[in-house]
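Participant: Pasting a structure below so you can have a look.
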Amino acid sequence: MHIVDRRLNPSGKNLANRQRFMRRAKSQIRKAVHESAGSRSIKDADEGGEVVLPAQGVHEPSFRRSGTGGIRDHLLPGNKEYIAGDTIQRPPNGGGGSGSEGSPDGEGEDDFRFALSRDEFVDLFLEDLELPDLAKRRVVNTEALVYHRAGYSVSGSPANLALNRTVRNSLSRRIALRRPKPGEIQALRDEIAALEADDPRRVALEEELARKVRRTGVIPYIDPLDVRYRRFESHPKPVAQAVMFCLMDVSGSMTEHMKDLAKRFYVLLYIFLKRRYKNVEVVFIRHTHQASEVDEDTFFNSPETGGTVVSTALEEMQRVIDDRYSPDSWNIYAAQASDGDNTASDNDKTAALLTKVLLPACQYYAYLEVGRDSEHFPPGFIRRDSDLWQTYSTIIRNGAPMAMRKVGHRRDIYPVFRELFAKKTGAEEAAE
């Protein structure tokens, strides 16, 4: 017997029911989020949307009668052909089930689709990561705010009183209401004083004077309706923006497995930066013995042949920074992925470009050396450090602000990302 609650959600229960379902199916949803992010482009990695969950992970609970044997009655909903006591003929072909049809796009009809908001998607994606504060030099908060004049308001601080606008409003109101001017009242008084006490015009002038004085008391010189304050609106300061450089070796030695590892690392870094900066731009630079700036699809999918000269990618990054991303206005982050190969004669030039040009301009530089999964190596095999790894190790030992890790399997990406971006203790910050 299956009991399915088809009642509509009562008022105010939608959010609670949704959160209850997410807690129950959290492991399946998190796995679906990670798989979904791997198939997205980097710039769309942190967007919400639907994720597909296996039906067996979200099946509805059912009640079953315990014990075996005996005669049982079954209630079949929707029956229009049989009544109690009728016998049902055996289905043809031995009664085998027909099964369910496959969908044209390859997704089974048992798949359960669940929509996630952007915040829910990112929280699940980064749930097991400890996010540090990377903005060390130029920007502390997500964005710096500057204030610009935005007209006037009827309330505000006395320091922002707009005196000229207030007096102008007062003058306009007094003219519209025909408030007597002080000169007019004084002229009437002078005229009355010049007349004799028995002059017949004196009574009319005194009445006119009394009327003007009374009107002056009714219509104030400055009314609260006249008062205006300068109004200011906050706007994000352009310096609170980041650019993320993705550098990758695409020579013949870089397999699709290695490129997939690099892409997953780039996705993590992009999502992280999007949570710290409102405006994040991504620059893709690929290289063999030559380097060029390309779009994301070309960066990951277009095949290339040739040797490996890392300095060409660094020179291209320097050119892009000089052309579009001044370090005075942009927070620059870079992530380089490679299998470690480099022309031996190029190592010194690579080290010089990093230490003298790029690292001083960067907020953070991470090097990820991707390789074959260690499970595919024979027992007892020890992989020798590559030439590029040895070059970068020398740079780090000299105190350069960069980090480097090795990755050989998908499961290593998240732990490595945590290591690279772990929050530092007070002792570690003091040591720096």
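Participant: Extension gain Ala84-Ala400, at 0.36 nm per residue separation less the Cα-Cα distance, in nm?
Facilitator: 105.3 nm is the gain from fully extending Ala84 to Ala400.
Participant: Between Leu116 and residues 5 or more places away or on another chain, which pairs have amide H atoms under 5 Å apart, with H built 1.01 Å from N, and which residues are they?
Facilitator: When sequence neighbours closer than 5 places are left aside, the close amide H contacts are Gly49, Glu50, Val51.
Participant: Give the calculated FRET efficiency between Ser153 and Ala115 to the nearest 0.05, with a Förster radius of 51 Å applied to their Cβ-Cβ distance. Working shown, then result.
Facilitator: On the way: r = 41 Å, r/R0 = 0.81.
Result of the calculation: an efficiency of 0.80.
Participant: If you take the beta carbon distance between Phe232 and Glu281 as r and set R0 to 25 Å, what does 1/(1 + (r/R0)^6) give as a FRET efficiency, to the nearest 0.05?
Facilitator: 0.30
Participant: Using θ = phi - 60° and the Karplus relation 6.51 cos²θ - 1.76 cosθ + 1.60, list the HN-Hα couplings for the range 317-325 in order, rounded to whole Hz, with x at every Gly or Pro.
Facilitator: 3J(HN,Hα) across the range 317-325, in whole Hz: 5, 4, 5, 5, 4, 5, 7, 10, 10.
Participant: Sort 398-409, 303-314, 332-343 by the packing proxy (mean of other Cβ within 10 Å over each peptide's residues), most packed first.
Facilitator: Numbers: 398-409: 15.8, 303-314: 18.6, 332-343: 21.9.
Highest mean packing first, the order is 332-343, 303-314, 398-409.
Participant: So, R0 is 30 Å and r is the distance between the beta-carbons of Arg178 and Leu225; what FRET efficiency does that work out to, to 0.05?
Facilitator: Efficiency computed from Cβ-Cβ geometry: 0.95.
Participant: At a temperature of 20 °C and a viscosity of 1.002 mPa s, determine how fast the range 158-264 diffuses translationally according to Stokes-Einstein, using the Kirkwood radius over alpha-carbon pairs as Rh; express D in µm²/s, rounded to the nearest whole number.
Facilitator: 102 µm²/s
Participant: Could you list which residues have their amide H under 5 Å from that of Met404, counting only those 5 or more apart in sequence or on another chain, with H placed in the peptide plane?
Facilitator: Hits under the 5 Å cutoff: Tyr367.
Participant: Next question, about the same structure. With label points built 7 Å along Cα→Cβ from the Cα atoms of Asp297 and Arg214, find their separation and express it in nm.
Facilitator: 8.5 nm
Quick note: the coordinates plus some simple rules give every number you see, no bench work behind them. From a predicted model like this one, the values you see are computed outputs, not experimental measurements. A quick note on method: Cβ atoms are made from the backbone with ideal geometry, for glycine too, and the neighbour counts reach across all protein chains shown.
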